[in-house]
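Worksheet: the structure to be examined is printed underneath.
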Amino acid sequence: MLLDETGEVVAWSPGASRLLGYSAAEAEGRSAEILLAAGESEAVRRFVLGAEAGAMTAVLRGKDGQSVTVELVATPSYERSARSASGHRLLVLTPLMDTRRELLEWSFDQFPFIAGITDLDLRYIRLNKEAGKAFQATEADLVGRTTAENVGGPEGDRIQQAMRLARDTGESASLDIYVKLPNEQLGYAWQGHFVPLKDARGRVRGMYAVGLDAGVQHLARERLALLNQASTTVGSTLDVARTAQELAEVLVPGIADFVTVDLLESVLTDEEPEFLPVEPGFPPPSREVTMRRMAQHSVWEGAPEAVLNPGDVDVYPSDGPHVRVLVTGESYMVPPGSDASSMDWVNFSERRMASTRAFGLHSAMIVPLRARGTLLGLAVFIRHQKPEDFDSDDLLLAEEITTRAAVSLDNALRFTRQRATALALQHSLLPQRLPEQTAVEAAGRYLPADTKAGVGGDWYDLIPLSGARVALVVGDVVGHGLRASATMGRLRTAVRTLSDIEMPPDELLAQLDVIVGRPIAGEPPAEGEPEADTGASCLYAVYDPVSRRCTLARAGHPPPLLAYPDGRVESVEVPVGPPLGLGGFPFESVEVELPEDSLLVLYTDGLIRTRDGDLDERREMLRRSLIDAPGSLEGACDAVLRTMLPDRAEDDIALLLARTRSLDCDQVATWELPMDPEAVAEARDLTTRQLSDWGLEEATFTTELIVSELVTNAIRYASGPIGLRLILQDTLICEVADSSDTYPHLRQARIYDEGGRGLMLVAQLSERWGTRPTSSGKIIWADQSLPPRVGRSAA
């Protein structure tokens, strides 16, 4: 400042304004005496107002009343003022302060995080302004108290324990803290650092505590952990509903208080995709959409805020946000601060509006579930417990998680479709119901394995044969999947074809062995697949209710069980043959006589083979289950499966139960005829009398013609004795046996041909006819349908 000879301020520099707070206008023209602090010495006052040069320390008073210690340096000036001829004095003011101490004070007080100093009792003796803001209290309110008393609760005790450990060990300590301070609605994340304060001799004299704001880092870690949890949790199975439920559960309460997962009905029914990516420049379609609730989860048990239950179907209007998200593929979020009850995400449904009001739903997001370019459905996020609304970061995290989960959902949907296709193929290749016949009462079950492949090559079948006989067959193709099912279909068709030509069991298996061991003619194998079908096992049995004899052969298959009417259950000793497909090995058959009402049990090895079970123990378990099985075959099938498979099947299972029947002696008539043309008339007479005894006079004429032609054909072309047999069951069967192995063939006779018309006549008069080999020749047979009132019961 520049003073005149009276001590009046003539000029005032900007530096003086910054130091003392007076502007130039306020200072100039006034005596410098006003700048002196109260109680300043007379020597200082004379130096400021006097005319001598020199230097002196003085305490000045600023405009705000605060004292400022300065060094005064007075220098004469040679400038003259208009009012005075004497010279002016230049007074330079240099602040005198302990700069380091002031900076330390300022740094502590202005530190942007909570900071405090405690004594050895861990009671605060100093806290900065940030601590006062956080606790909404003055420093005086917080000083003298411990952290446990200021923070309170379990977290306060954790902090106190960490500080005590740092004090006792002399080593700094850090701690992640999650506390709710007075100025916060929710808890917040902090990082606590506790540093022992030591003197020159290294003795701890106090503690320095710092609380750093870690909310952003904590939130980032939480979201990263949630994302990682979703990646490892969602999609643990290939079940659509379970995958959707896993998605809903992982998002609550991490992001939302209530989450629903809805899938398009068209996606679940395997129809064409309803929504494809919208091309730029083209308006998206708008129409009502049907969706199915697949999963939902809430912070409240039972999800009382839900308006649908899993499995329910709802229709969303074309102008609502749900359809808008589907057609645009872009997420929707209720604007923060909006009145959720009036938003269009709920106002299309009275139930949704009522739930919004009742449970305080205030924020929502709708995120599309998209995978491989196809929209599968929607995930809806709702908050009613968390007070803060969803923000852009929440939406970004929700989109990231649902994008990954959508791939798992799509995988589950694809697997479900493939498994359904495979099961449909498998069941289409199995008998839909066992055919009606009189030889046995039968029931069967097929149970696919609970594996990713879903289906395999196990099958069973029951095939009616001529002479009231029946063929029982079970088989097992190695492996799972569509190829095994397709191979099973080939084998089942082959078995039926070979059964139609009345091939004995051992010869039939030999033909199957050739079929399995060679590739399909003209069809090159796919890359990585064998040239021939995979191996298989099979058990084939033929039961004759007239003789009650059963002929069996097996190829690498478990032997059947036989439950006798008296309750005994035994294994049928069938010669072991090699599995089908090896080639070059013979098969043997065995013939056993079965009492009437015996239960023949055929099954695949999936019923008795387990990963850790003993095979003999499993066979014994199966035997006991048959002893305790109920009388009905359907109930017996269920009881066996419940006993053998309490949890799930590790392999495919085919089970066939057949209770044997026998034809009464009065249902079968047998005669032996000589090789004489006169035997034809005798055969007709025998037939007429037998049909009269059975009350089948209406069938006499037709049956006489059939018997006459068959016997005539045998006398003409065969040799040895001729056997005639009539069997009455649901149909009337005529059989003629001879010793020739020459098979007749149906042909169109020309006008002047003497033969060729007999078999044509038999084919026209009967429902079906055929031949089958015997050990001594062959049998030609013909079936006739009976009048409606006539049947086995009438006989």
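The values are calculated or read from the model by the stated rules, or taken from the named source; none is laboratory data. The structure presented is a predicted model; accordingly, all values stated were derived computationally and were not measured. Glycine also receives a Cβ, built like all others from the backbone with ideal geometry; neighbour counts cover every protein chain displayed.
Does region 587-599 hold any residues that are surrounded by 12 or more Cβ atoms within 10 Å (Cβ to Cβ) and in contact (Cβ under 8 Å) with a residue 40 or more places away in the chain, and which are they?
Phe587, Glu588, Ser589, Glu591, Val592, Leu594, Pro595, Glu596, Asp597, Ser598, Leu599 - these are the residues of region 587-599 that are surrounded by 12 or more Cβ atoms within 10 Å (Cβ to Cβ) and in contact (Cβ under 8 Å) with a residue 40 or more places away in the chain.
Filter region 203-262 for residues that are among the charged types (D, E, K, R) and in a strand (DSSP E or B) and give the result.
Arg205, Asp213, Asp262
Of the residues Gly65, Gly54, which single one is modelled with pLDDT under 90, loosely packed, with under 12 Cβ neighbours inside 10 Å and in contact with a helix residue (DSSP H, G or I) (Cβ under 8 Å, 6 or more places away or on another chain)?
It is Gly54.
So Leu425 ticks every box in (1) among the hydrophobic types (A, V, I, L, M, F, W, C); (2) crowded, with 18+ Cβ neighbours inside 10 Å; (3) part of a helix (DSSP H, G or I) but one. Which box is left unticked?
Against the list (1) among the hydrophobic types (A, V, I, L, M, F, W, C); (2) crowded, with 18+ Cβ neighbours inside 10 Å; (3) part of a helix (DSSP H, G or I), Leu425 comes up short only on (2).
Got a number for residues in region 17-64 being in contact with a Pro (Cβ under 7 Å, 6 or more places away or on another chain) and closer than 14 Å to Thr94 by Cα?
Number of matching residues: 1.
So that you can scan it fast, the table gives a plain yes or no per residue for (1) under 30 Å from Val711 (Cα atoms); (2) crowded, with 16+ Cβ neighbours inside 10 Å; (3) under 48 Å from the mean Cα position of the chain (by Cα):
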{"residue": "Leu602", "(1), (2), (3)": "no, yes, yes"}
{"residue": "Gly606", "(1), (2), (3)": "no, yes, yes"}
{"residue": "Arg618", "(1), (2), (3)": "no, yes, yes"}
{"residue": "Ala639", "(1), (2), (3)": "no, yes, yes"}
{"residue": "Leu663", "(1), (2), (3)": "yes, yes, no"}
{"residue": "Asp666", "(1), (2), (3)": "yes, no, no"}
{"residue": "Pro677", "(1), (2), (3)": "yes, no, no"}
{"residue": "Arg684", "(1), (2), (3)": "yes, yes, no"}
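Search region 675-689 for residues being modelled with pLDDT of 90 or more and not small (Gly, Ala, Ser), and hand back the single one that is farthest from Leu761 (Cα to Cα).
Per the stated criteria, the residue is Arg689.
From (1) at pLDDT 90 or above; (2) closer than 19 Å to Ser766 by Cα, pick out the condition that doesn't hold for Ser692.
Result: Ser692 passes all but (2).
I'd like to check something: does region 160-167 contain any residue that is in a loop (DSSP other than H, G, I, E, B), on the phi < 0 side of the Ramachandran plot and surrounded by fewer than 16 Cβ atoms within 10 Å (Cβ to Cβ)?
Scanning region 160-167, I find no residue that is in a loop (DSSP other than H, G, I, E, B), on the phi < 0 side of the Ramachandran plot and surrounded by fewer than 16 Cβ atoms within 10 Å (Cβ to Cβ), so the answer is no.
Residue pairs, Cβ under 9 Å, 6 or more apart or interchain, first in region 725-738 and in the same structural domain as Ser692 (by TED's automatic domain parsing), second among the acidic types (Asp, Glu) and assigned to a strand (DSSP E or B). List them.
Final answer for the pair search is Arg725/Glu735; Leu726/Glu735; Ile727/Glu735; Thr731/Asp783; Leu732/Asp783; Ile733/Asp783; Cys734/Asp783.
Can you find a residue that is on the phi > 0 side of the Ramachandran plot, outside any helix (DSSP H, G or I) and not hydroxyl-bearing (Ser, Thr, Tyr) anywhere in region 704-719?
No, region 704-719 contains no residue that is on the phi > 0 side of the Ramachandran plot, outside any helix (DSSP H, G or I) and not hydroxyl-bearing (Ser, Thr, Tyr).
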